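Notes to accompany the following structure.
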Amino acid sequence: MSGVFSHRVLVVLLIGVLAAAGDAYAQTTWYVDDDAPGDLGAGDPTVSDPNEDGSAAHPFDAIQEGIDEAADGDTVLVLNGTYTEAIDFGARSSPCAAAAGRG
């Protein structure tokens, strides 16, 4: 009886580990907007939203910030604006930036 119980526990633990591993490979979208509503210095990437984290609500000011945070398979969504910066994709296997307009 204890052998059956230990196999069930092992299967449950294995399923939990696989589910957690799947989350680790989830793709993320990073947002860049040089004129976000919470940005204290709209159009100036040196003055940022104090809660800037690359989310839709608190996007990065600079494209490079999104690229630096992105992992392979992630998307960096760049909203319309003027971005005057050098872009370094580093050792990425492919560019990870996409463009979209404001809705």
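Bear in mind that the values in this text are calculations on the coordinates, not laboratory data. These numbers come from a predicted model, not from an experiment. A quick note on method: Cβ atoms are made from the backbone with ideal geometry, for glycine too, and the neighbour counts reach across all protein chains shown.
Observations on the model:
- In this structure the amide hydrogen of THR29, modeled in the peptide plane, comes within under 5 Å of the amide hydrogens of THR75, none closer than 5 places in sequence on its chain.
- Cleavage-rule hits (GluC sites (Glu not before Pro)) in segment 38-88: DSSP loop, at most 14 neighbouring Cβ within 10 angstrom: GLU85
- Between ALA42 and GLU69, the modelled labels are 2.1 nm apart [label points 7 Å from Cα along Cα→Cβ].
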